[in-house]
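**Q** Let me begin by handing over the structure; questions about it come next.
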Amino acid sequence: MFNDLSGYLQVDKPKKKAIDDLLAPLLSEYSVLRSPRMEDILREKALGDTCDYCYDEEAPSLKALTKYCPQCHREYPEEENFCFDCLVKLKHISDIIDVCDIETHPKFTFAGLNDFQAFEEIFTPENIELVKNSRLRVKDYDGIIKDIKRTAFLEFDRLVKSNELVLDYLDISDKVLLFSKSFVEVGYKSFGQELGTFTFDKIEIDDRQMSSLQITTLIHELSHFLLKEILSIVLCKILDCSKNSSIDAIATFILIYSPLNRLIDEYSAHSVEGRFTVYGYQDYSSFIEIQNSLEGEMDRDEIEIAKSIGNTFSLSIKEILESYIDNDLRKEIKDLFMMQTRESPNYRMLAMENCNKLKGRGFMQAIWLILSEGFEVASLNIEKLEEYKKNF
């Protein structure tokens with residue numbers, strides 16, 4: 001049935017042009033462009049971008065600004081105690097809380113007429129039939145994306161104000177980390193080979209890796225969360241029910257049980273991560289690992305349609321993330337990456353890029369196929385769902 005969606009495919013022209021423009025000259029002149037001298041030039045340029053802030057020995061000495069106003073954020077020297085414009089006591093810049101230490105447990109809600117708690121209430125014959133016959137409108141889907149953005153920004157604003165943070169004082173990784181914590185709980189791990197994981201509304205990233213890699217890993221795992229969240233809220237919309245741990249458990253199951261859905265989820269996360277990574281450093285290794293584990297369970301056309309659906313989901317997720325990670329912050333992330341990486345780029349990974357996206361009606365049909373089949377299979381796996389529910 002998913003192969004029938006091919007008629008709705010259209011080329012993602014901006015993405016295809018960016019890749020074609022890059023690959024055409026670079027693949028033919030790879031050895032010249034990435035010569036040792038070119039590597040030095042790129043690094044010197046990346047480092048040179050920060051030279052405007054270097055210390056000038058001939059510049060007149062200035063008093064160190066060690067305090068700030070928690071309201072207007074103006075900086076003051078140590079001997080000052082009050083901001084007489086805002087009439088508040090000054091605070092020390094060094095006392096600003098570390099973003100890593102901020103604990104968050106954000107929850108995205110959806111209020112419906114029904115308040116299903118037990119799975120037996122959810123998987124009634126009427127509800128199974130309702131999901132089977134549902135038709136999500138593009139307008140409804142766009143509203144869901146907008147509501148996710150609004151909820152995250154309200155939480156982000158609350159985190160900044162309640163912790164008296166000053167965004168200008170945060171480094172690049174802390175800016176992305178704080179934004180991520182507006183969506184989902186984020187923790188750290190210092191063991192295992194995985195750079196990061198997302199399980200049951202919690203992200204863990206390995207803090208042994210470079211900060212630039214922590215950023216891209218965080219974006220990858222946040223994308224997994226957002227796809228799960230989108231499907232949860234769509235399901236609530238169809239069933240006209242409030243969002244809770246039972247609905248989250250069902251959405252999680254749907255994304256895991258099917259090889260096709262696992263590929264969609266993984267490709268979407270890789271595609272979003274690649275948006276914030278320097279060209280030539282994209283990594284589809286976990287997608288390839290899942291694909292190889294299927295051992296011929298899916299043919300080439302099925303894999304390509306999974307990539308197209310994942311790519312279309314990624315456009316929605318990028319829209320959510322780019323509302324905060326704008327051009328300026330994205331450039332900071334890329335400059336940081338170039339300063340920290342010692343590896344040469346691998347443009348062959350760009351061959352994994354899918355430049356097809358589903359048009360509105362076709363995308364809605366893809367979501368319907370994912371949920372209608374997955375919802376019925378989930379109804380036959382209550383025991384597994386109960387295990388998942390305990391973790392939310």
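**Q** When the expected Rg is taken as 2.2 N^0.38 Å, what fraction or multiple of it is the alpha-carbon Rg of the stretch 304-388?
**A** Normalised by 2.2 N^0.38 Å, the Cα Rg of the stretch 304-388 equals 1.56.
**Q** Moving on. Which of these, 19, 205, 250, has the largest mean-square fluctuation under a Gaussian network model of the chain (Cα springs below 10 Å)?
**A** 19
**Q** Between residue 369 and residue 120, what length comes free when the chain is fully extended (0.36 nm per residue of separation minus the Cα-Cα distance, one decimal in nm)?
**A** Contour length minus the Cα-Cα distance gives 87.4 nm.
**Q** Follow-up. I'd like to know how the stretch 80-171 sits against the 2.2 N^0.38 Å rule of thumb: what's its Cα Rg over that expected value?
**A** For the stretch 80-171, the normalised Cα radius of gyration comes out at 1.81.
**Q** Shifting gears a bit: Points 7 angstrom from Cα along the Cβ direction at residue 72 and residue 158: gap in nanometres?
**A** Here the answer is 3.0 nm between the modelled labels.
**Q** At 0.692 mPa s and 37 °C, plugging the Kirkwood radius over alpha-carbon pairs of the stretch 243-392 into Stokes-Einstein gives what diffusion coefficient in µm²/s?
**A** 191 µm²/s
**Q** Can you tell me the 0 to 90 degree angle between the C-alpha axis of helix 13-28 and the longest principal axis of the chain, rounded to 10?
**A** Taking Cα atoms only, the helix is inclined about 70 degrees.
**Q** Count the DSSP beta bridges whose two residues both fall in the chain, then state the antiparallel fraction as a percent rounded to the nearest 5.
**A** Given both bridge residues lie in the chain, the antiparallel proportion sits at roughly 70 percent.
**Q** So, one more: For residue 86 and residue 390, calculate 0.36 nm times their separation in residues minus their Cα-Cα distance, and state this gained length in nm to one decimal. Intermediate values should be presented prior to the final figure.
**A** Numbers: separation 304, 0.36 × 304 = 109.44 nm, distance 4.77 nm.
The span from residue 86 to residue 390 would gain 104.7 nm if fully extended.
**Q** Still on this structure, please answer the following. Under the rule of at least 5 residues apart or a separate chain, name every residue whose amide H is placed under 5 Å from the amide H of residue 88.
**A** Residues meeting the amide H criterion: 83.
**Q** With the crude spin-label approximation of a point 7 Å out along Cα→Cβ, what separation in nm comes out for residue 290 versus residue 304?
**A** According to this spin-label approximation, the distance is 2.0 nm.
**Q** Which one, 124, 368, 77, is farthest towards the positive end of the dipole of the chain when Lys and Arg carry +1 and Asp and Glu -1 on their Cβ?
**A** Farthest towards the positive pole: 368.
**Q** Follow-up question, since we're still on this one. On C-alpha positions alone, give me the angle between the axis of helix 245-257 and the longest principal axis of the chain, in degrees, nearest 10.
**A** 80 degrees
**Q** A further question follows. Take the chain, connect every pair of alpha-carbon atoms lying under 10 Å apart with a spring to form a Gaussian network, then pick out the residue of 86, 241, 69 with the largest mean-square fluctuation.
**A** 86
**Q** Would you kindly find the accessible area of residue 210, with a 1.4 Å probe and non-protein molecules such as ligands, DNA and RNA excluded, rounding to the nearest 10 Å²?
**A** So the heavy atoms of residue 210 present about 70 Å² to solvent.
**Q** Cα extents of the stretch 158-282 along the three principal axes, largest first, in whole Å?
**A** So the three principal-axis extents are 45, 38, 28 Å.
**Q** When a/c reaches 1.5 or more, the comparison of a/b and b/c decides; with that in mind, is the stretch 152-213 rounded, prolate or oblate per its Cα gyration tensor?
**A** Cα axes put the stretch 152-213 in the oblate bin.
**Q** Right, another one. Of all the stretches in the chain, which is the longest one without any exposed loop site, taking trypsin sites (Lys or Arg not before Pro) in a DSSP loop (any state but H, G, I, E, B) with at most 16 other Cβ atoms within 10 Å? Numbers along the way, then the final one.
**A** On the way: sites that count: 34, 63, 74, 107, 135, 137, 208, 342, 359, 390.
For trypsin sites (Lys or Arg not before Pro) (loop position, at most 16 other Cβ atoms within 10 Å), the longest site-free span of the chain is 209-341.
**Q** From the backbone phi of the stretch 116-126, what are the Karplus-calculated ³J(HN,Hα) couplings (6.51 cos²θ - 1.76 cosθ + 1.60, θ = phi - 60°) in whole Hz, Gly and Pro given as x?
**A** Each residue's phi maps through the Karplus curve to give 6, 10, 7, 5, 5, 6, 7, 8, 7, x, 5 Hz.
**Q** Still on this structure: If the chain between residue 104 and residue 193 were fully stretched, how many nm would it gain, using 0.36 nm times the residue separation less the Cα-Cα distance?
**A** 29.5 nm
**Q** Which of 214, 365, 117 ends up with the largest GNM mean-square fluctuation for the chain, with Cα atoms connected below 10 Å?
**A** 117
**Q** Local charge sum around residue 265 (other residues, Cβ-Cβ under 14 Å, Lys/Arg +1, Asp/Glu -1)?
**A** -2
**Q** Okay, moving on. Solvent-accessible area per residue for the stretch 259-392 at a 1.4 Å probe radius, Å²?
**A** Here the per-residue accessible area is 45 Å².
**Q** Now a separate question. How many Å² of accessible area per residue for the stretch 69-157, probe 1.4 Å?
**A** 66 Å²
**Q** Run the dipole for the stretch 231-358 about the Cα centre, Lys and Arg Cβ at +1, Asp and Glu Cβ at -1, nothing else charged, and hand back the magnitude in debye, nearest 20.
**A** That gives a dipole near 260 debye.
**Q** Pop the C-beta distance of residue 64 and residue 341 into the FRET formula with R0 = 30 Å and round what comes out to the nearest 0.05.
**A** 0.35
**Q** Here is a further query. For the stretch 73-167, with all protein chains present and a 1.4 Å probe, just round the carbon and sulfur fraction of the accessible area to a whole percent.
**A** The computed percentage sits at 53.
**Q** Over the chain, what is the relative contact order in whole percent, taking alpha-carbon pairs under 8 Å and six or more residues apart?
**A** 24 percent
**Q** Of (i) 24, 52, 21, 3; (ii) 29, 63, 9; (iii) 32, 62, 7, which one was derived for P(r) over Cα pairs in 20 Å bins from 0, in percent from the structure shown?
**A** It is the value labelled (i).
**Q** Something else now. At most 14 other C-beta atoms within 10 Å and a DSSP loop state: those are the exposed GluC sites (Glu not before Pro) I care about. Give me the longest piece of the chain that has none.
**A** 195-294
**Q** Another one. Would you mind getting me the FRET efficiency between residue 202 and residue 150? Use the beta-carbon distance for r and R0 = 22 Å, nearest 0.05.
**A** Once rounded, the FRET efficiency stands at 0.45.
The values are calculated or read from the model by the stated rules, or taken from the named source; none is laboratory data. Just so it is clear, the structure is predicted and the values come from calculations on it, not from any experiment. Quick reminder, even Gly has a Cβ in these numbers, built from the backbone with ideal geometry, and neighbours come from all protein chains shown. Just so you know, the surface numbers come from the protein's heavy atoms only, side chains and all, with ligands and any DNA or RNA stripped out. Shrake-Rupley method; radii C 1.70, N 1.55, O 1.52, S 1.80 Å.
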